[in-house]
Amino acid sequence: MSTTADKLVSEIRALPDVEKLRLVDAILTDLDKPDPEIDRIWAEEARKRWAGYKAGRIPTVSYE
């Protein structure tokens, strides 16, 4: 880790748990960026599954 990261870790350890959780949430939110390529792949997969369902090629399971 860099010196800056080491300092941050040291400061974070001194924080109350509530503040640590706020930091975790902020970091995860920052890292969770949308990826257009993944969105495109999932949209295509959904279209294929829907087409397979409509054509009767995909078996279904009753909710009940």
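The values are calculated or read from the model by the stated rules, or taken from the named source; none is laboratory data. Note that the structure is a prediction, hence the values are computed from the model and not measured. Reconstructed Cβ throughout: ideal geometry from the backbone, glycine too, with neighbour counts over all protein chains shown.
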Task: Any pair with Cβ under 9 angstrom, 6 or more apart, that starts in the stretch 40-52 at a residue that is touching a residue at least 12 places away in the same chain (Cβ under 8 Å) and ends at one that is part of a helix (DSSP H, G or I) - done: none
Open item on the list: Which residue is surrounded by the most Cβ atoms within 10 Å (Cβ to Cβ), if the candidates are limited to the stretch 1-53 and must be of a type in the set (Ser, Thr, Tyr) and assigned to a helix (DSSP H, G or I)?
Closed with: 53
Task: residue 58 being surrounded by 10 or more Cβ atoms within 10 Å (Cβ to Cβ) and modelled with pLDDT under 95 - done: yes
